[in-house]
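Just so it is clear, none of the values below were taken in a lab; they were calculated from the coordinates. Note that the coordinates shown come from a computational prediction; the quantities given were computed from them, not determined experimentally. Positions of Cβ are backbone-derived with ideal geometry, glycine not excepted, and every protein chain shown enters the neighbour counts.
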Amino acid sequence: MHGPLQYERLTRDRRATRVGRRIVLRDEVASTNDEAWRFLDQPDGDGTAVFAEYQSRGRGRLGRRWESPRGASVMCSILLIEKAPGLIADLPHGQTSLPMAPDPPSTSSSHHQARNTPSSHQGVANGVIGLIAAIACRDAILAATHLPCEIQWPNDVVVQGRKLAGVLIEMRSIDQGGSAYGVGVGINCLQHAKHFDPSLRERATSLDLECPQSIDRHQVARSLLDELDRWFGYDRPSDAGAVREAWIQRAAPLGRRLRLRHRGTEFVGQMIDVDPLAHLVVQLDEGGRRLFSADDTTVVSYGDR
């Protein structure tokens, strides 16, 4: 159970519609997202799933590093190629009346004649894809291990507040209004407390630490592919409103107090909603409601008084 991931065990009796039709296993990469982007120009690149035993330069949200011992995690990236809008259906129209922390200019680039600023559809799709990936990750862990866990905004999976898994979404604009997405997922599986940096030991955990039974990474990886394929398969686009509701059902309860850091400034308030663009809606202690984008905001702590 604790050896490297094996192609035969990941693909046996699987009938993927999109995600994982091609599975690539690597021993070591800089990052699985970087490796997934290599398939962008291939005719059958869409849905490619890349797994690695070790990442030398793994990354998380907001430029953080994602570090894991060799063979201790399920580290996977999925390449989704949308040549035209269609991944997300029934997008909201018009502008919200709530003040929103403005997003920084996009720095995405691609040899596919990349645009500097994504369209409104791309921005919404990027946010909703992050919510979907968190839903799929949480459901995969529950299906594979029966471990109760929940989503912490925007797309971490936690057990009693300790981080178990994380998601990183990267987007590139391609020709004729299309978009490509690198959906990176990391799930801590076999780590012990000593594997985490001392500064993280109170805030991070693994399946091995939380579950009474032995952990089979193949089972976790297969479950992840199945859940991602169920959401991102070709049979239907994902309704943004339905995604929001599914996310809320699996997330830490709304109404919690929290402390946020947005572009170097801290805000304290009450989490009251998540809008379809994957912004967090917060009632601030200083007055007023505000939307915070996952692109440049992080939760510092919950339960601050």
Residue by residue through the stretch 26-38, the couplings from Karplus 6.51 cos²θ - 1.76 cosθ + 1.60 with θ = phi - 60°, in Hz, x for Gly and Pro, are 10, 6, 9, 9, 5, 8, 5, 4, 4, 5, 5, 4, 4
Specify whether the C-alpha gyration tensor of the stretch 162-305 places it in the rounded, prolate or oblate class, a ≥ b ≥ c being the square roots of the eigenvalues: rounded for a/c under 1.5, otherwise prolate if a/b is larger than b/c and oblate if not. oblate
Take each of the peptides 125-131, 20-26, average the number of other beta-carbon atoms within 10 Å over its residues, and list them starting from the highest. 125-131, 20-26
Interchain or long-range residues, amide H under 5 Å from D239's placed H: A89
Taking alpha-carbon centroids only, the stretch 256-282 lies from the stretch 204-230 a number of Å equal to 29
Which residues' amide hydrogens lie under 5 Å from the amide hydrogen of G47, considering only partners 5 or more residues apart or on another chain, with H built in the peptide plane? L79, L80, I81
Could you sort the peptides 69-78, 28-37 by per-residue average Cβ neighbour count (10 Å cutoff), highest mean leading? 69-78, 28-37
For D13 and R261, calculate 0.36 nm times their separation in residues minus their Cα-Cα distance, and state this gained length in nm to one decimal. 84.8 nm
With θ taken as phi - 60° and the coefficients 6.51, -1.76 and 1.60, list the Karplus ³J(HN,Hα) couplings across the stretch 246-257 in order, rounded to whole Hz; mark glycine and proline as x. 5, 5, 4, 4, 9, 9, 3, x, 5, x, 6, 7
Would you list the P(r) distribution for the stretch 155-229, with all Cα-Cα distances sorted into 10 Å bins from 0 and each bin expressed as a whole %? 17, 41, 26, 11, 5, 0
Out of residues 5 or more away from R256 or on other chains, whose amide H comes under 5 Å of its own, with H placed 1.01 Å from N in the peptide plane? M271
In whole Hz, with x marking every Gly and Pro, tabulate ³J(HN,Hα) for the stretch 11-24 from phi via Karplus 6.51 cos²θ - 1.76 cosθ + 1.60, θ = phi - 60°. 9, 4, 6, 8, 10, 6, 8, 8, 6, x, 4, 10, 10, 10
10 Å-binned pair-distance histogram of the stretch 257-302 (Cα, whole percent): 31, 63, 6
Order these peptides, 167-177, 9-19, by their mean beta-carbon neighbour count within 10 angstrom, highest first. 167-177, 9-19
Using a Förster distance of 22 Å, the FRET efficiency for Q176-A242 (Cβ separation, nearest 0.05): 0.20
